[in-house]
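Inspection log for the structure reproduced underneath, given as structure tokens.
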Amino acid sequence: MHPSDPFLIRSCFSLYLLSALLHLGELLLPNLRLRRTALGMLLLGFALQTLLLGWRWGLAGFLPVTNLFGTLFFFSWSLAAVHLYFDLRYRLPAAAPFTLPLLLLLLGAALPLDPALPSLIPALDTPLFTLHIVFSFLGYALFTMAFALGVLYLVQRRRASPRLPDLADIRRLNEEAILLGFSLFTLCMVSGSLWAYVAWGYYFSWNIKGVWSFLVWLFYAGMCHAKFIRRWQGTGYALLSIAGFGVVLFTYLGIGLLLESNHPLE
Amino acid sequence: MPLRIWNTLCSLKLAVVLASAATAVIMGGSLLMPGRPGLFGAMDRQLLGEWFSGPAAMRLGETWWVYLAAVLILGLGVNALCCFLDWLAHLRQRWRKTGEYLIHLGFVLVLAAYAWGSVSGFRGEEIKVRAGETVALPGMPGHYLRLEGFEPRVGAGGRPLDMINRLVLLQGERELRRETVRINHPLTWKGVSVLAASFGEEATGFRFLAGGAKEIDLGPGSELTLEGGGRLRVLAFHPDVVVRPDGRVVPGGPDLRNPAFALELTTDKETWRGWYLLRQGLPPRLSSAGLQLRPLEPVGRTYSLLSVNLDPGASMALAGGLLLGAGSILALFSYYAKRSRRDRPELD
Ligand code: HEM
């Protein structure tokens, strides 16, 4: 048995998939048992993924997020953690149809990639790297949650369904996701800047990934304020959450796929 | 009137406008960056101020957005500072927002530090230093770096793993700092950072197969007694020389291209001096003296390449970064306590 065993990773994916399908089913045919099973599957998938992550971390001796498989695996784990946090704290299964497909996309995209543990290149051998990565993906996961809540807000505004949470509640949760995400992303920027300083002698690099990470930070800093302006509350805020997720996706994936950058994780 | 100006400077709406405008400008402009690596890549190799007045000024058509973004972000900095001061003035009623306002102060400090470091100091001065040498620190008169020991670590397949530099920073004779500099561990002192950038090997001589199948290493100062009674001394070794049209031999670059020895042969009757260009074979005078040499491989020593930066704003930026971090953690944990109080500004 090895934590990179494709069977274990696929089992994790299958549990999430099952949970997503059950959540969808529960949305169409409300049923408490269905809902509990869906949550149970999600918890089981998350427990398995946490185990695999910890196991991989222990075997490698460092958080293995130095290649695309590693980051997709960790991003999907962070998203599952954030979704569970909101779901368990606020009873929010209605967000699942929006967060779980994204989780499945992230983990699904990792499935065809090589899960073997990479060796650590010396430049990444610092705790600042671990902090930078952990905060960045937790931040991204909260921005993804905000995206899901933004979509949920727009759906609820059109449908006014009694089975979905109140608009005011969705708005409040969205603001919470943005503030928590922004705080964690600030920690990601601070640890990244410290790392850049010890690695390069300067704390901000004008490489495209660095610039876009600053943009993500600035965008969500703007959102932390926009919620105080009445005109931007509600629909405007939901749309901003959706647009912000586009910026996140471009920074995380788009730059690596479309452009060239000298960021150490490219 | 002054109150109106102050209120505008403290305005949250202005913050949203500036942040959105800066985001939009950088978003659009940054897409030009990957296509012009020469122009935008230089932003990391020199101070932003130098880049603004040098390469960027010559290609304003492609770089105007960076100037505009700088103005917008500086405006945001002033705006955030005013908000912070305004909060400070109402601390009694608004102390619960300490985390949030530490974030604002941290941002202002980092921005001011970045602006400071963009107009003074220097970036990426490379120095080549060998173990045992003391070299002058660029841009810091009277300061020196002594490399007490250097050990490159190379992994399987020749992959460079680390560069262990035992460095001492000196002011005149006085020791200021002693540090083992390696990847991710620079020597820092008052805004100066010295980093292990790279290392290389330089040829200091050559290994030969001499008569009797004996291997010998020759380098500056080596001496050899010839069977015929003469004495050969190596005056100098150059990894590369250039032969001028008039026959004069002059040293070339540091890379091993056309290696040559300046030699001196002393016999009872005469002293001969001349060049031995390895690619051309032994000069006839040396062969006739009974010398047999077949070049095998260069012998050399490693040197360390250090990169030196000076950023006078570095400590201020660190203070700002720590405030940003502390503010974020505080804002994160105090969020739930405050949520129930609903004390938030609400603007039309
Ligand atoms: C990039 C710069 C900035 C960052 C990173 C930043 C960050 C933040 C954060 C994280 C919050 C907390 C939001 C919340 O309570 O949910 C906040 C609130 C606030 N910010 Fe900023 N901000 C910045 C610039 C500004 C500027 C320029 C102003 C000037 C008007 C400003 C004024 C405020 C105000 C008034 C609040 C509300 C505080 C309260 O709830 O009483 N911010 N900011």
| query | So what is the calculated 222 nm ellipticity per residue for the protein assembly as shown, using -39500 (n - 2.57) for each DSSP H run with n of 4 or more, over all residues, to the nearest 500 deg cm²/dmol? | reply | -18000 deg cm²/dmol
| task | If a/c stays under 1.5 just call it rounded; otherwise compare a/b with b/c (prolate if a/b is bigger, oblate if not). Do that for region A:24-118, with a ≥ b ≥ c from the square roots of the Cα gyration tensor eigenvalues. | result | prolate
| note | Cα gyration tensor of region A:82-150 diagonalised, 5x eigenvalues square-rooted, in angstrom largest first, produces semi-axes 28, 17, 9
| remark: Membrane-span-like helices (DSSP H runs, Cα span along own axis at least 27 Å, mean Kyte-Doolittle at least 1.6) in chain B -> none
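Averaged over all directions, how much area does the convex hull of the C-alpha atoms of region B:148-281 cover when projected, in nm²?
Working: hull surface 55.3 nm².
Answer in nm², one decimal: 13.8.
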| query | When chain A is modelled as a GNM with alpha-carbon springs shorter than 10 Å, which of A:GLY236, A:GLY244, A:GLY201 fluctuates the most? | reply | A:GLY201
| field | Accessible carbon and sulfur surface of region A:109-192 relative to its total accessible area, %, 1.4 Å | value | 60 percent
| Reference-scaled alpha-carbon Rg (2.2 N^0.38 Å with N residues) for the protein assembly as shown | 1.26
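Counting only heavy atoms of protein chains, what accessible area per residue, in Å², does the protein assembly as shown have with a probe of 1.4 Å?
Roughly 47 Å² per residue, with all protein chains present.
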| field | Ranking by accessible area, most exposed first, for B:ARG273, B:ARG123, B:ARG231 with a 1.4 Å probe | value | B:ARG273, B:ARG231, B:ARG123
| request: Quick one: pull the percent of accessible area on region B:67-189 belonging to carbon and sulfur, 1.4 Å probe, ligands and nucleic acids left out. | output: 58 percent
| message | With a 10 Å cut-off between alpha carbons and a GNM built on chain B, which of B:ILE26, B:ILE164, B:ILE216 moves the most? | response | B:ILE216
| query | Accessible area drop of at least 50 Å² (1.4 Å probe, protein heavy atoms): which residues of region A:154-200 qualify, relative to the chain alone? | reply | A:LEU179, A:SER183, A:LEU187, A:VAL190, A:TYR197, A:VAL198
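Could you tell me which of rounded, prolate or oblate describes region B:90-150, using a ≥ b ≥ c as the square roots of the eigenvalues of the alpha-carbon gyration tensor, with rounded for a/c under 1.5 and, failing that, prolate when a/b is larger than b/c and oblate otherwise?
prolate
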| field | region B:263-333, accessible surface, carbon-and-sulfur percent (1.4 angstrom probe) | value | 55 percent
| Do any residues of region B:24-62 lose at least 30 Å² of accessible area when the full set of protein chains is present rather than just their chain alone, and if so which, with a 1.4 Å probe? | B:ILE26, B:MET27, B:SER30, B:LEU31, B:MET33, B:PRO34, B:MET43, B:ASP44
| note | For region B:301-329 the residues that are at least 30 Å² less accessible with all protein chains than alone, 1.4 Å probe, are B:ASP311, B:LEU324, B:SER328
| field | Long-range Cα-Cα pairs in region B:205-348 (distance over 24 Å), rounded percent | value | 56 percent
| query | Just for the Cα atoms in chain B, what are the lengths along the principal axes, largest first, rounded to whole Å? | reply | 103, 43, 41
| remark: Ranked by GNM mean-square fluctuation in chain B (Cα springs under 10 Å), the top entry among B:GLY157, B:GLY117, B:GLY221 is B:GLY157
| request: Order A:PHE75, A:PHE7, B:PHE199, A:PHE228, most accessible first, counting only protein heavy atoms with a 1.4 angstrom probe. | output: A:PHE7, B:PHE199, A:PHE228, A:PHE75
| Which residues' amide hydrogens lie under 5 Å from the amide hydrogen of B:VAL192, considering only partners 5 or more residues apart or on another chain, with H built in the peptide plane? | B:ASP311
| query | Taking only the alpha carbons of region A:125-266, what extent do you get along each of the three principal axes, in Å, biggest first? | reply | 54, 27, 25
| query | Nearest 100 Å², what total accessible surface is buried between chain A and chain B (probe 1.4 Å)? | reply | 4700 Å²
| Distant-in-sequence amide H partners of B:GLY205 (H built 1.01 Å from N, under 5 Å) | B:VAL299
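The values are calculated or read from the model by the stated rules, or taken from the named source; none is laboratory data. These numbers were taken from a predicted model, which means no experiment stands behind them. The protein model used for the area step is the full one, side chains on, heavy atoms only, and it has no ligands, DNA or RNA in it. Shrake-Rupley method; radii C 1.70, N 1.55, O 1.52, S 1.80 Å.
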